[in-house]
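Here's the structure, in structure tokens; my notes come after.
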Number of protein chains: 2
Amino acid sequence: MNQKIEKLIKQFARLPRVGARGGQRIALALLQDKTGRAEMLAAAITDAVENVAPCPNCGVLTDRGAGKCEYCRDGSRANGALCLVRDLSDVWTLEKSAVFHGRYHIIGGLLSGANGTTPDDLNIANLAARIRDENITEIIFALPNTVEGKTTQHYVMSVLTDVPNVRFTELASGVPLGGDLDYLDDGTLSLAFGGRKAI
Amino acid sequence: MNQKIEKLIKQFARLPRVGARGGQRIALALLQDKTGRAEMLAAAITDAVENVAPCPNCGVLTDRGAGKCEYCRDGSRANGALCLVRDLSDVWTLEKSAVFHGRYHIIGGLLSGANGTTPDDLNIANLAARIRDENITEIIFALPNTVEGKTTQHYVMSVLTDVPNVRFTELASGVPLGGDLDYLDDGTLSLAFGGRKAI
């Protein structure tokens with residue numbers, strides 16, 4: 001195989017959920033395309049990588065050098081609620097669902113012995129300052145409902161124990177909408193029973 | 001969402017089998033990567049698109065301006081066999097299996113009323129000249145075993161009727177290796193019965 005094509009396939013194959021076969025398909029589609037798609041893709045990658053950086057306040061990727069991101073600048077979001085998420089993709093998911101209209105804070109990972117993520121790796125150094133400066137009254141933990149997520153949540157709470165006038169909440173656990181009990185795992189069932197409500 | 005990121009996701013989402021969710025994952029992985037993967041990918045795309053072009057003889061993508069491709073230059077492949085395929089990915093598949101060691105010819109599509117591919121779209125103008133110049137004695141049709149593949153095969157054969165001393169062959173049809181009859185479609189079963197062999 002031509003070396004330049006081989007190199008291109010390898011680069012694509014390393015991307016999430018693409019793999020060797022997918023890399024071949026993509027490389028071939030780009031090389032056979034006559035509409036300039038490949039050039040546009042290369043330009044979009046370069047533009048984004050060079051001109052996008054984490055918001056210094058919350059960690060959301062935003063225009064480099066433009067200061068705070070769109071969410072941190074938006075005055076209508078200064079409602080006292082701060083939603084802690086692991087990742088930018090969680091912000092996108094929440095924004096799409098439109099269930100939350102406050103501020104975000106991306107912590108950038110979950111504590112885990114398995115992949116070596118330690119407290120130093122979490123983006124939480126400015127959390128106490130944010131709570132004070134932005135009059136945050138509620139921190140909503142929207143971390144994954146896993147051992148790592150809960151461990152991280154407890155750690156972040158322990159760091160913030162001395163911060164006054166803020167309450168901590170977490171997303172409800174239970175049966176998903178449309179969820180059939182037959183298909184639920186024992187952990188979810190147990191959470192749903194433990195959290196049962198009067199009707 | 002940041003416009004540059006949105007643009008990047010859109011470009012990725014248009015690639016084969018990626019889609020909107022996949023585009024988000026890939027864009028995020030590239031933007032969060034610290035190892036220069038994004039720059040390497042952009043460079044590989046630009047390098048391949050600018051410096052790769054179809055071999056003027058057979059259609060396989062090769063270094064632009066370098067003349068014939070590796071297969072057409074390889075003297076050990078001048079064994080009189082020419083394998084007709086639809087696409088470069090078919091060449092890759094055959095090369096990986098190592099079942100064929102002759103020359104290739106990419107016709108670049110299949111005749112189809114549905115997507116409007118006509119004989120003018122097929123890369124077959126130099127086929128007769130190749131058969132003469134490269135002393136081809138057998139043309140192996142390795143086109144998809146579909147109505148479009150067979151139609152295209154018959155058309156190409158009709159164009160080459162006047163070319164002397166060349167025989168046409170096609171890949172055998174039948175039960176795939178490890179194939180369970182239970183899971184075979186009627187068309188394949190019918191081909192396998194029609195082509196049954198004495199044992």
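The values are calculated or read from the model by the stated rules, or taken from the named source; none is laboratory data. Just so it is clear, the model here is predicted, and its values are computed rather than measured. In this analysis, Cβ positions are derived from the backbone assuming ideal geometry, glycine residues included, and neighbour counts consider all displayed protein chains. Note: accessible area is taken over every heavy atom of the protein model, side chains too, but ligands, DNA and RNA are not part of it. Shrake-Rupley method; radii C 1.70, N 1.55, O 1.52, S 1.80 Å.
Starting from the Cα-Cα distance between residue B:3 and residue B:165, subtract it from 0.36 nm times their residue separation and give me the gain in nm to one decimal.
52.2 nm
If you line up the long axis of helix A:147-159 against the longest principal axis of chain A, both from Cα atoms, how many degrees apart are they, to the nearest 10?
Rounded to the nearest ten degrees, it is 60.
Pick from A:81, A:43, A:13: which residue has the top mean-square fluctuation in a GNM of chain A where Cα pairs under 10 Å get a spring?
Result: A:13 has the largest fluctuation of those listed.
Obtain the nm distance between the two label points defined at residue A:146 and residue A:125 by a simple spin-label model: each point lies 7 Å from its Cα along the Cα-to-C-beta direction.
Distance between label points: 2.7 nm.
If you roll a 1.4 Å probe over the protein assembly as shown with all protein chains in place, what percent of the accessible area is carbon or sulfur?
Solvent-exposed carbon and sulfur of the protein assembly as shown make up 52 percent of the total.
May I ask you to compute the full-extension gain from residue A:99 to residue A:185, defined as 0.36 nm times their residue separation minus their alpha-carbon distance, rounded to one decimal in nm?
Between residue A:99 and residue A:185, full extension yields an extra 28.4 nm.
Cα centroid distance between region A:95-116 and region B:115-192, in Å?
So the two Cα centres are separated by 54 Å.
For region A:57-145, which trypsin sites (Lys or Arg not before Pro) are both in a DSSP coil and crowded by at most 15 other Cβ atoms within 10 Å?
When the trypsin sites (Lys or Arg not before Pro) of region A:57-145 are filtered for loop state and at most 15 Cβ neighbours within 10 Å, A:64, A:68 remain.
Which trypsin sites (Lys or Arg not before Pro) does region A:24-61 hold that lie in a coil by DSSP with at most 13 other beta carbons within 10 Å?
A:34
What does the charge count near residue A:70 come to, summing +1 for each Lys or Arg and -1 for each Asp or Glu among other residues with Cβ under 13 Å from its Cβ?
So the surrounding residues net to +1.
For chain B, with only Lys/Arg (+1) and Asp/Glu (-1) charged at the beta-carbon, what is the dipole magnitude about the Cα centre, in debye rounded to 20?
Values: 22 positive and 23 negative charges, 107 e Å.
Around 520 debye, computed over chain B.
Provide, as a two-decimal number, the C-alpha radius of gyration of the protein assembly as shown over 2.2 N^0.38 Å, N being how many residues it has.
Taking the Cα Rg and dividing by 2.2 N^0.38 Å, one obtains 1.36.
Pick from A:57, A:135, A:115: which is most flexible by mean-square fluctuation in a GNM of chain A where alpha carbon atoms under 10 Å apart are linked?
So, out of A:57, A:135, A:115, the one fluctuating most is A:115.
Can you list the copy-to-copy distances for residue A:120, using a point 7 angstrom from Cα toward Cβ, in nanometres, shortest first?
6.8
Too long at a 30 Å Cα-Cα cut-off: which of B:4/B:96; A:10/B:10; A:150/A:197; A:10/A:34; A:7/A:68; B:34/B:96?
B:4/B:96; A:7/A:68; B:34/B:96
Taking residue A:155 in one copy and the same position in all the others, each labelled 7 Å out along Cα→Cβ, what are the pairwise distances from the first, in nm, shortest first?
Result for residue A:155, in nm, nearest copy first: 6.2.
How much of the DSSP bridge set in region B:1-141 is antiparallel, in percent, rounded to the nearest 5?
Of all bridge pairs located within region B:1-141, approximately 35 percent are antiparallel.
So for the pair residue B:64, residue B:40, with labels modelled 7 Å out along Cα→Cβ, what separation do we get in nm?
It is 2.4 nm.
Please work out how much accessible surface residue B:158 shows to a 1.4 Å probe, ignoring ligands, DNA and RNA, in Å² rounded to 10.
My reading of the accessible area for residue B:158 is about 60 Å².
Name the residue farthest towards the positive end of the dipole of chain A from the options A:23, A:76, A:59, assuming +1 on Cβ of Lys and Arg, -1 on Cβ of Asp and Glu, about the Cα centre.
A:23
Placing the label point 7 Å from Cα along the Cα-to-Cβ direction, what are the distances from residue B:178 to the equivalent spots in the other copies, shortest first, in nm to one decimal?
So the distances to the same position in the other copies read 3.5 nm.
As an exercise, use a Förster radius of 30 Å and the Cβ-Cβ distance of residue B:133 and residue A:29 to find the FRET efficiency, rounded to the nearest 0.05.
So the FRET efficiency works out to roughly 0.40.
Could you name the residue in chain B with the C-beta closest to the rotation axis that superposes chain B on chain A, along with the separation in whole Å?
Whole-Å result, nearest residue of chain B to the axis: B:42, 2.
Using alpha carbons only, how many degrees (0 to 90, rounded to 10) separate the axis of helix B:37-51 from the longest principal axis of chain B?
With rounding to tens, the tilt is 40 degrees.
Quick one: net charge around residue A:25, please, counting Lys, Arg +1 and Asp, Glu -1 for every other residue with C-beta under 11 Å from its C-beta.
Once positives and negatives cancel, what remains is +1.
Calculate how many DSSP beta bridges within the protein assembly as shown are antiparallel, expressed in % of all such bridges and rounded to the nearest 5.
Of the beta bridges lying entirely in the protein assembly as shown, close to 25 percent run antiparallel.
Once you average over the residues of A:78-88, how many Cβ atoms of partner chains fall within 10 Å of each Cβ? Walk me through the numbers on the way to the answer.
On the way: counts 0, 0, 0, 0, 0, 0, 0, 0, 0, 2, 8.
Averaged over the peptide's residues, the number is 1.
Between region A:56-78 and region B:1-69, what's the alpha-carbon centroid distance in Å?
One Cα centre to the other: 29 Å.
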